[in-house]
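Where a number appears in this text, it was derived from the coordinates with a stated rule and is not lab data. Values in this document were obtained by computation on a predicted structure and should not be read as measured data. As a convention, Cβ positions derive from the backbone with ideal geometry for all residues, glycine included, and neighbour counts pool all protein chains shown.
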Amino acid sequence: MDVADSGSATWFLQDHANEQDAEGTTITEQSAVFEAPGLCYRNMPAVITTAVGQMWMSCSSINQRSRI
């Protein structure tokens, strides 16, 4: 799928994940939260959240102008 920018891609994936989570169809295999000491914002260490899982996507749920 082509998107205009990384912000649009992030929004699309988060929105899709929220919909699937509400339906109970998301499978989370692993998740973690950790600090990145070398990455700071206003003298505060960054906190990174990761998740690995599965999402199901059908073409009918995607805007017709999007390319897969």
Task: Contour excess over end-to-end distance, with Cα ends at Val33 and Leu13 and 0.36 nm allotted per residue - done: 5.3 nm
Open item on the list: Please compute the length gained on full extension between Asp21 and Thr49, using 0.36 nm multiplied by the number of residues separating them and subtracting their Cα-Cα distance.
Closed with: 8.4 nm
Open item on the list: Tell me the net charge near Gln54. Cut-off is 15 Å between Cβ atoms, Gln54 excluded, with +1 for each Lys or Arg and -1 for each Asp or Glu.
Closed with: -4
